[in-house]
Amino acid sequence: MKIHLSQFAGFCDGVRRAYEMIMALDISKAKKPIYILGSLAHNADVVREINKKGIFKIDLEDFLQSKKGEIGTIIITAHGSGPEIFEIAKEKNIKVIDTTCPKVIKVQRLAKVFSDRNYSIILVGDKGHKEVEGINAWGKGKSRIVSSEADLEKLDFSKDKKIVILSQTTQSEEFFEKAGNFVKNKFPKAEIISTICHTTHDRQQEVSKFAKNNDVVIVIGSRESANSTRLFEIAKEKNSKTYFIENAIQLKNQWFFEMEKVLVTAGASTPSWVIEDVVDKLKEM
Ligand code: SF4
């Protein structure tokens, strides 16, 4: 069986950068206790490595409820946070380590600039997603978040309203284009700025192009990860023998019976050692 490993599989630059920043942290000099706001990556191995450094996850609610002195340092993940988190940290004398991906910072800044100029922001993204919530907060919480065609249908603005369309970095190009065309049709003066990250785009394009040329497609990632789930959906559409796994243990022999070619890809939160484990197990099979 031939194994084709995606050239874009695994950690994207933003998550890798954040993970390396956390791993390089000199714990002996850091203000303790140290918490990370939410998950850096939806992957148990990554969480374990971070925990081993003495850094533990804290949910937004617990962070907000914490009393002065209960948190020494807070780490902002690659997905970013709204400005209020930085303000609260300052008030409570909490040191902030900001690992927000520079590409996410760019969308946050755009949201702020357009909101300050009194634009209505249409943010194409997944409602409730951490990155989307953060971008929305930078735009003063007034963005209209569009996740589906039904959301598009509900859009309504006064004729003289200035409108800009931005996107979550991990959105699908296809839906963003559809949303852009829809909005332009209804509001011709709307400005469209694609803030989709090319890492995501390249990974999606690759799987879309090669999934049908392989007998089986393996997508490694967590179902909690938006970009891994989207990758799986794209592959499944092209090849019904697509399987979504979190690690090598979940591989099943029967998936590969009489199969000759397998494509392996992975979402942005999957570390390289998990991908290597899967490839090794496939070679054994
Ligand atoms: S997907 Fe792109 S924008 Fe998002 S964290 Fe990764 S590199 Fe940054």
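The values are calculated or read from the model by the stated rules, or taken from the named source; none is laboratory data. This is a predicted model, so every value here is computed, not measured. So basically every Cβ, Gly included, is an ideal-geometry build from the backbone, and we count neighbours across all protein chains shown. Please note that ligands, DNA and RNA were not included when accessible areas were found on the heavy atoms of the full protein model with its side chains. Shrake-Rupley method; radii C 1.70, N 1.55, O 1.52, S 1.80 Å.
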>> Based on this model, can you work out whether residue 178 counts as away from the ligand (no atom under 16 Å from the Cβ), more than 30 Å from residue 3 (Cβ to Cβ) and not hydroxyl-bearing (Ser, Thr, Tyr)?
In response: yes
> For residue 87, which of the numbered conditions (1) within 16 Å of the ligand (Cβ to nearest atom); (2) more than 30 Å from residue 242 (Cα to Cα); (3) of a type in the set (Asp, Glu) fails to hold?
Replying inline: (1)
>> Could you go through the stretch 137-155 and let me know if any residue there is in contact with a strand residue (DSSP E or B) (Cβ under 7 Å, 6 or more places away or on another chain) and within 16 Å of the ligand (Cβ to nearest atom).
In response: no
> Taking into account only those residues within the stretch 26-56 that are of a type outside the set (D, E, K, R) and part of a helix (DSSP H, G or I), which is farthest from the chain's Cα centre (by Cα)?
Replying inline: 28
> Which number in (1) open to solvent by 80 Å² or more (accessible area, probe 1.4 Å); (2) closer than 28 Å to residue 219 by Cα; (3) touching a strand residue (DSSP E or B) at 6+ places or on another chain (Cβ under 7 Å) marks the one condition that residue 48 misses?
Replying inline: (3)
>> Quick check on my filter: what residues within the stretch 20-40 are in contact with a Phe, Trp or Tyr (Cβ under 7 Å, 6 or more places away or on another chain) and closer than 18 Å to residue 274 by Cα?
In response: 40
>> Scan the stretch 43-51 and tell me whether some residue there is within 16 Å of the ligand (Cβ to nearest atom), in contact (Cβ under 8 Å) with a residue 24 or more places away in the chain and either aromatic (Phe, Trp, Tyr) or within 23 Å of residue 274 (Cβ to Cβ) (or both).
In response: yes
